[in-house]
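Undergrad: Provided herewith is a single structure, encoded as structure tokens, for subsequent inquiry.
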Amino acid sequence: AIITFRWNTVNDSYEPSYKQEINYDTNGNEIQMIDYYWNSDNESFGINYHSYKNEKTYDSNENITLRTRYKWNTTTESFVPIDKDEFYYDTNGNEILKERYNWDIATNSYVKDTKDETTFDANGNRTLSINYKWDSNLGVYKPSFKQDYSIVLDNETNLTLEGTPFIYDVNLYNWSLL
């Protein structure tokens with residue numbers, strides 16, 4: 001556990017403030033993290049309206065495939081979803097797609113939010129990243145940002161990856177250099 005202390009000006013001493021507990025799987029991957037806050041009334045850590053919980057799932061190559069975030073709900077006295085990210089990889093282990101979903105409390109279900117697509121060349125160098133935002137009215141992802149990457153040779157042996165950022169103009173339906 002990671003514990004943070006704060007200075008108490010009344011007692012002129014440090015007192016606990018925040019604790020973060022992290023659980024790992026047998027491969028050492030973080031699978032759960034929970035925030036706890038100090039309750040000075042009963043002098044113990046507990047869960048309150050500031051508390052969050054994160055959970056992660058991994059594939060057989062130890063790539064994260066799902067990350068889900070929760071926030072403590074004081075009414076239901078339980079963790080409720082905030083959002084989740086789903087990750088997809090190519091055969092070389094490069095992350096090629098990340099989709100984010102937000103929790104809709106009205107429908108008690110996840111709704112699409114954003115997705116990031118990334119492409120790589122045969123050497124595993126990133127060549128293109130595109131960010132999309134979900135348009136719930138049209139039921140489609142709309143592009144919002146992209147970055148084209150190119151490799152620049154600094155000298156005989158040093159390769160540098162450089163990116164050129166673009167933003168999508170929804171009125172003109174084209175990409176504009178930032």
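The values are calculated or read from the model by the stated rules, or taken from the named source; none is laboratory data. Everything quoted here is computed from the prediction, not taken from an experiment. Cβ: placed from backbone, ideal geometry, glycine included. Neighbour counts: every protein chain shown. Calculation scope for accessible area: heavy atoms of the full protein, side chains included, ligands and nucleic acids excluded. Shrake-Rupley method; radii C 1.70, N 1.55, O 1.52, S 1.80 Å.
Undergrad: Restricting attention to the stretch 100-118, does a residue exist that is open to solvent by 50 Å² or more (accessible area, probe 1.4 Å), out of contact with any Leu (no Cβ under 9 Å at 6 or more places or on another chain) and on the phi > 0 side of the Ramachandran plot?
TA: Taking every residue of the stretch 100-118 in turn, at least one turns out to be open to solvent by 50 Å² or more (accessible area, probe 1.4 Å), out of contact with any Leu (no Cβ under 9 Å at 6 or more places or on another chain) and on the phi > 0 side of the Ramachandran plot.
Undergrad: Report, by residue number, each residue of the stretch 131-148 that is among the hydroxyl-bearing types (Ser, Thr, Tyr) and open to solvent by less than 50 Å² (accessible area, probe 1.4 Å).
TA: Tyr132, Tyr141, Ser144
Undergrad: Report, by residue number, each residue of the stretch 40-77 that is assigned to a strand (DSSP E or B) and either open to solvent by 60 Å² or more (accessible area, probe 1.4 Å) or at positive phi (or both).
TA: Tyr52, Thr57, Arg67, Arg69
Undergrad: Next up: List every residue pair whose Cβ atoms lie under 7 Å apart, where the two residues are 6 or more positions apart in sequence or sit on different chains, the first residue falls within the stretch 43-68 and is closer than 16 Å to Thr4 by Cβ, and the second residue, located anywhere, is open to solvent by 50 Å² or more (accessible area, probe 1.4 Å) and hydroxyl-bearing (Ser, Thr, Tyr).
TA: Matching pairs, first to second residue: Phe45/Tyr37; Gly46/Tyr37; Asn48/Tyr37; His50/Tyr37; Ser51/Tyr37.
Undergrad: Can I ask one more? Taking Lys112, is it among the charged types (D, E, K, R), within 25 Å of Thr164 (Cβ to Cβ) and touching a strand residue (DSSP E or B) at 6+ places or on another chain (Cβ under 9 Å)?
TA: no
Undergrad: Then there is this: Inspect all residues belonging to the stretch 5-22 and state whether any of them is surrounded by 13 or more Cβ atoms within 10 Å (Cβ to Cβ) and either touching a His at 6+ places or on another chain (Cβ under 6 Å) or part of a loop (DSSP other than H, G, I, E, B) (or both).
TA: Within the stretch 5-22, not a single residue is surrounded by 13 or more Cβ atoms within 10 Å (Cβ to Cβ) and either touching a His at 6+ places or on another chain (Cβ under 6 Å) or part of a loop (DSSP other than H, G, I, E, B) (or both).
Undergrad: Can you tell me which residues in the stretch 19-42 are farther than 19 Å from Glu55 by Cβ and at pLDDT 90 or above?
TA: Tyr37
Undergrad: Oh, and also: All but one of (1) surrounded by 14 or more Cβ atoms within 10 Å (Cβ to Cβ); (2) closer than 24 Å to Trp175 by Cβ; (3) within 19 Å of the chain's Cα centre (by Cα); (4) among the aliphatic types (A, V, I, L, M) hold for Leu128; state the number of the condition that does not hold.
TA: Every condition holds for Leu128 apart from (3).
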